[in-house]
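The values are calculated or read from the model by the stated rules, or taken from the named source; none is laboratory data. Computed from a predicted model, the values in this text were never measured in an experiment. When we count neighbours, we look across all protein chains shown, and the Cβ atoms used for this are built from the backbone with ideal geometry, even at glycine. Heavy atoms of the whole protein, side chains included, go into the accessibility calculation; ligands, DNA and RNA do not. Shrake-Rupley method; radii C 1.70, N 1.55, O 1.52, S 1.80 Å.
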Amino acid sequence: MSDTNLVYTYAVLRRTPEAAAATAHLRGVAGEPIHLVAPAVSGHQLAFAIGHVPPADYDDIPLQAHLHDVDWLESTVRTHHAVVAALVASGAAVLPLRLATVYPDVDRARQALDTRRGYFLSLLDRLTGHVELGVKIYAAPDITPPEADPEPAQDPVTGLGVGRAYQVIRRRRQRRNEEAWRTVAQAAARLTETAGTLAVDRVAHTPERGSLSGSAPGTNVANDAYLVPADRVVAFRAGVLAAAQGVPGLRVEITGPWAPYSFALQPEPHEEPAA
């Protein structure tokens, strides 16, 4: 393991006075000052926003251990996002890099900027003036749980005995529940279609389950990110919420605006091993 600090990269952006000023008072995941690093080859305005971090925490083996430490991970994610958010607030078009994208030294980071220059510039052109909004759709149809049905001695309409009557009731309940789910699922699909027409791109993430889905009632059936022009955020929110209004058993949660994390394809961490 090297004793030299590693280079933690937060984002790719164009070098501008505003971006440089935005980094002046920023601190990163290790409390380090943030600054911009230009590519090795001059002639284009790309830069990495970087900080220097200790290998004792960010070299391969200790980093893998940290990624299983919930407290460390939460703190690191929060700080990483705060750095990216400050850059976005400066008015810069930003390609946020994924957590713990680390290079052995500044020279390797500069080489990565040169190698992917055309790709980064095309993404920046596409994402300039756009933000990411998250839309989570929860389904909570009105269904009857199995324990809610009494076990009758005899069905008063059909005159069936205990066993047959109970089976009839269970089938009726199952059909009602299936129809309730189908209705909500169709409404969720229509809502997703509406959101897509109000955005320029969509990324479908895996719906959240268990503790990740929160304590509110309902099953998370859609967990999507939308790329929206910054001047259409209000219209997007209004359109999605209007589409969900009045649909029984459907709940929508809109988050953001964020930096476009879901739409920035990111370089692999440790593209060169930290020696």
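Would you please name the residue that is farthest from Asn223 (Cα to Cα), looking only at residues in segment 173-184 that are open to solvent by 60 Å² or more (accessible area, probe 1.4 Å) and modelled with pLDDT of 70 or more?
Applying the filter and picking the extreme gives Glu179.
Tell me whether segment 129-138 contains one or more residues that are surrounded by fewer than 15 Cβ atoms within 10 Å (Cβ to Cβ), modelled with pLDDT of 60 or more and more than 24 Å from Ala85 (Cβ to Cβ).
no
Looking only at segment 35-45, how many residues end up being at pLDDT below 90 and either assigned to a helix (DSSP H, G or I) or within 22 Å of Val83 (Cα to Cα) (or both)?
Residues in segment 35-45 being at pLDDT below 90 and either assigned to a helix (DSSP H, G or I) or within 22 Å of Val83 (Cα to Cα) (or both): 3 in total.
Test of understanding: among Ala38, Ala65, which residue is out of contact with any Lys or Arg (no Cβ under 9 Å at 6 or more places or on another chain) and either aliphatic (A, V, I, L, M) or open to solvent by less than 30 Å² (accessible area, probe 1.4 Å) (or both)?
Just one listed residue meets the conditions, Ala65.
Identify all residues within segment 93-115 that are among the hydroxyl-bearing types (Ser, Thr, Tyr) and either assigned to a strand (DSSP E or B) or crowded, with 18+ Cβ neighbours inside 10 Å (or both); write none if there are none.
Listed by number, the residues that qualify are Thr101, Tyr103.
Restricting to segment 1-26, name every residue that is over 25 Å from Asp125 (Cα atoms) and in contact (Cβ under 8 Å) with a residue 40 or more places away in the chain.
Hits for segment 1-26 are Met1, Ser2, Asp3, Thr4, Asn5, Leu6, Val7, Leu26.
Open to solvent by 60 Å² or more (accessible area, probe 1.4 Å), hydrophobic (A, V, I, L, M, F, W, C) and within 20 Å of Gly28 (Cβ to Cβ): does that describe Ala85?
no
I'm trying to understand the selection: among the residues of segment 6-34, which are over 11 Å from Phe48 (Cα atoms), among the charged types (D, E, K, R), part of a loop (DSSP other than H, G, I, E, B) and open to solvent by 40 Å² or more (accessible area, probe 1.4 Å)?
none
Being open to solvent by 60 Å² or more (accessible area, probe 1.4 Å) and either over 26 Å from Ala22 (Cα atoms) or β-branched (Val, Ile, Thr) (or both) is the filter here, so list the residues in segment 41-62 that pass it.
If the condition is that a residue be open to solvent by 60 Å² or more (accessible area, probe 1.4 Å) and either over 26 Å from Ala22 (Cα atoms) or β-branched (Val, Ile, Thr) (or both), then Val41, Ala56, Asp60, Ile61 are the ones that fit.
How many residues, within segment 235-266, are within 18 Å of Gly129 (Cα to Cα), open to solvent by less than 40 Å² (accessible area, probe 1.4 Å) and at pLDDT 85 or above?
Looking only at that region, the number is 6.
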